Amino acid sequence: MNSIQPLFAMLPGAAASGAEGPSPFSMLLPILGMLLIFYFLMIRPQQKRQKDVKKMLSAVKKGDRVLTASGLYGTVAGVKDDVLVLQIADNVKVEMVKSAVTGVVAQGSE
């Protein structure tokens, strides 16, 4: 036990502060820094991406050529509330939810 006490005395600030430990604020500072980094690298870009997708889906109109999540290309033949009617071939129309659209390939002329 005697060999531990001299080692403790060599630690910076051990002799000056006595039994006091670091302040709680200085212990929380690295955690807050990590949370800020996490927010700016993960959460904020995801929110921006969701906002862009929502804007794109609300702008889809009849005549647009779109790509769906299942890999189908189709031309929008009709737009209902949250459902699109896609023409994927001659005389072949399917109904899909708007959220299945991953991108607008070409804007329609209408």
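The values are calculated or read from the model by the stated rules, or taken from the named source; none is laboratory data. Please read all numbers here as calculations on a predicted model, not as lab measurements. We work out accessible area using only protein heavy atoms, side chains counted, and drop any ligands, DNA or RNA first. Shrake-Rupley method; radii C 1.70, N 1.55, O 1.52, S 1.80 Å.
Computed with every protein chain present, the accessible area of Asp52 is close to 80 Å² [probe 1.4 Å].
For the range 42-110, the tally of Lys pairs with Cα-Cα distances below 18 Å comes to 14, considering only residues 8 or more apart or on different chains. In plain terms, the chain from Gln107 to Ala89 could stretch by 4.7 nm, reckoned as 0.36 nm per residue minus the Cα-Cα distance. Accessible-area rank, largest first, for Thr68, Thr75, Thr102: Thr102, Thr75, Thr68, with all protein chains present and a 1.4 angstrom probe. Shape of the range 48-110 from the C-alpha gyration tensor: prolate (a/c of 1.5 or more and a/b above b/c, with a ≥ b ≥ c the square roots of its eigenvalues). A straight chain from Ser23 to Asp81 at 0.36 nm per residue would run longer than the Cα-Cα distance by 15.3 nm. The 1.4 Å probe gives accessible areas that order Leu67, Leu84, largest first, as Leu67, Leu84. With all protein chains present, how much of the accessible area of the range 26-91 (probe radius 1.4 Å) comes from carbon and sulfur, to the nearest whole percent? Exposed carbon and sulfur together represent 64 percent of the surface.
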